[in-house]
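The values are calculated or read from the model by the stated rules, or taken from the named source; none is laboratory data. Predicted, not measured: the structure shown is a model, and the values here were computed from it. Glycine also receives a Cβ, built like all others from the backbone with ideal geometry; neighbour counts cover every protein chain displayed. Accessible surface areas use protein heavy atoms only, side chains included; no ligands, DNA or RNA. Shrake-Rupley method; radii C 1.70, N 1.55, O 1.52, S 1.80 Å.
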Amino acid sequence: MFWDFDGVIKESVAVKTEAFVQLFSPFGAEVAARVRAHHLANGGMSRFEKIPRYLEWAGQSVTDASVDDYCQRFSQAVLGCVVAAPWVPGVESYLRTNRHGQEFVLVTATPQGEIEAILQAMDLHRCFSAVFGAPTRKGDAIRQVLTHRGVRASEALMVGDATADLEAARQNEVPFLLRRHVDNQQVFRDYGGAFVEDFSG
């Protein structure tokens, strides 16, 4: 089972949305609203791709230094909040007990070092046999695991809440399970596949 993190394991989508909005609010309400809409529509996209675009919208120079500065500010704003965010109902028990003896792999757009720190703080790192964060793309991570483990795509499942998760699953012909919540209902309004609202059932 391949797991996304934000919006699937922790209810942290809103935390990151507000962090992006606050980061770019000094450039005006129009820029902040555009940032909010884009982030919600592209939940699985890495901040390394989003921030250069948002800086451009804000009329700021897009350099390695400016992107790194804003990435650092964003990271400082969200790390503690993500750890403290509520669990998606039922998921903590599902991951920690692993009653079905499944292999869990985490694939997320959160930077590698940051997601490892988050998992350590939550004492959740031992639940996953592998953890892939940015800059590794989700589709590439899934492909690598399937190839190295010799697992057929039909024997795997991607659990996600963003279009990037769905696309990563499709790229590898892996079945997809949507975790549906208030922030992605509009994005997935035409989605007709399997979904859950939590993992408590």
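Miscellaneous remarks
- Each of Ala109, Val31, Phe2 was placed along the dipole of the chain (beta-carbon charges, centred on the mean Cα), and the one lying farthest toward the positive end is Phe2.
- Relative to the globular-protein estimate of 2.2 N^0.38 Å, the Cα radius of gyration of segment 30-95 stands at 1.36.
- Value of relative contact order over segment 104-148, rounded to a whole percent, pairs C-alpha under 8 Å and six or more apart: 51
- Charge sum, other residues only, whose C-beta stays under 15 Å from Pro52's C-beta, Lys/Arg counted +1 and Asp/Glu -1: 0
- Cα-centre dipole for the chain with unit charges at Cβ (Lys and Arg positive, Asp and Glu negative), debye to 20: 240
- Protein heavy-atom accessible surface, 1.4 Å probe, per residue over segment 120-201: 56 Å².
- Debye-formula intensities of the chain, expressed as log10 I(q)/I(0) at q = 0.12, 0.13, 0.15 Å⁻¹, are -0.59, -0.70, -0.93 (one equal scatterer per alpha-carbon, no solvent).
- Sites Ala194 and Glu56 - FRET efficiency at Förster radius 35 Å, r taken between beta-carbons, to 0.05: 0.40
- FRET efficiency estimate (nearest 0.05) - Cβ-Cβ, Ser129 to Glu155, R0 22 angstrom: 0.90
- Carbon + sulfur, % of accessible area of the chain - ligands and nucleic acids excluded, 1.4 Å: 49
- Value in Å of the Kirkwood radius, where segment 1-63 supplies the Cα pairs that are averaged: 12.3
- Accessible area of segment 1-111 divided out per residue, in Å², using a probe of 1.4 angstrom: 45
- Its Cα gyration tensor gives segment 136-197 an equivalent ellipsoid. The semi-axes, each the square root of 5 times an eigenvalue, are 23, 11, 8 Å from largest down.
- Angle between the chain longest axis and helix 47-57 axis [Cα atoms, degrees, rounded to 10]: 30
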